[in-house]
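This report refers to the structure that appears directly beneath it.
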Amino acid sequence: MAQILVIAGLLVWPFAAMAEETALDKAMSKDPDRFAGQIGDLISGFGGPDGLGLAGIEEHIALERAGARASTLRRFLALDLDADGTVDRAELQVSQRAANAEGRGRLERQFVAADADGNGRVDAAELAEQGRLAGLRALGEDEAGLLRGLMALDADGNGALTSAEVARAVAGLEKAG
Ligand SMILES: [Ca+2]
Ligand SMILES: [Ca+2]
């Protein structure tokens, strides 16, 4: 999973200034062997017998986001002392008292950021929104678009990307460059 996260970093950097296909070329040409290896991991982790389809890419995106969402929800739910699904300021203060100065500041920032309507309670909807945002921070829309764009390398157009197709795309790029 760590390697897949690295792909994300590798893929994301050129995206902002470029169209999607060019961003993919850039990601490939930056370090072709590494690119092929990382997409290979994605193919073996999320592909079927024929290779990696769009559904597998969506699963990868969803799994990364779910992991980040779960971490954030867990952090908030650990403050919910009476288990009613909302965190109020009295509950927050119990955890703040038990934390060090840095932790107190962090808890305060997180609570204030999550309490969108500012009523002093983080309710279930506000909690869910924090989870959604954490998922997007872990794997943003730009990166998701680039991952979906990997299907452009599906040379025979059968809806499944294989390591051989990735290798040929990388080799073709090296030849062209
Ligand atoms: Ca509560
Ligand atoms: Ca609130």
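The values are calculated or read from the model by the stated rules, or taken from the named source; none is laboratory data. The shown structure was predicted, so the numbers you read here are calculated from the model rather than taken from an experiment. Every residue, glycine among them, receives a Cβ derived from its backbone with ideal geometry; neighbour counts consider all protein chains shown.
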Just one listed residue, out of 63, 92, 77, 54, is over 26 Å from residue 152 (Cβ atoms) and surrounded by fewer than 18 Cβ atoms within 10 Å (Cβ to Cβ), and it is 77
Starting from region 128-145, take each residue that is under 13 Å from residue 61 (Cα atoms) and list its partners that are not in a helix (DSSP H, G or I), counting only C-beta distances under 9 angstrom and pairs at least six apart or across chains.
142/15; 142/16; 143/15; 145/15
Would you mind telling me which numbered condition in (1) within 16 Å of ligand 2 (Cβ to nearest atom); (2) modelled with pLDDT under 95 residue 20 fails?
(1)
Among 79, 107, 127, 92, which is touching a helix residue (DSSP H, G or I) at 6+ places or on another chain (Cβ under 8 Å) and either within 11 Å of ligand 2 (Cβ to nearest atom) or at positive phi (or both)?
127
Looking only at region 26-38, count how many residues are in a helix (DSSP H, G or I), among the charged types (D, E, K, R) and modelled with pLDDT of 85 or more.
3
Applying the selection to region 153-166, what residues are outside any loop (DSSP other than H, G, I, E, B) and more than 25 Å from the chain's Cα centre (by Cα)?
164
Could you run through region 102-125 and say how many residues are over 13 Å from residue 92 (Cβ atoms) and crowded, with 16+ Cβ neighbours inside 10 Å?
1
Pairs only if they're at least six apart or on different chains, beta carbon under 6 angstrom, first in region 86-109 and farther than 13 Å from residue 76 by Cβ, second among the aliphatic types (A, V, I, L, M) and more than 15 Å from ligand 2 (Cβ to nearest atom); list them, first residue then second.
96/107
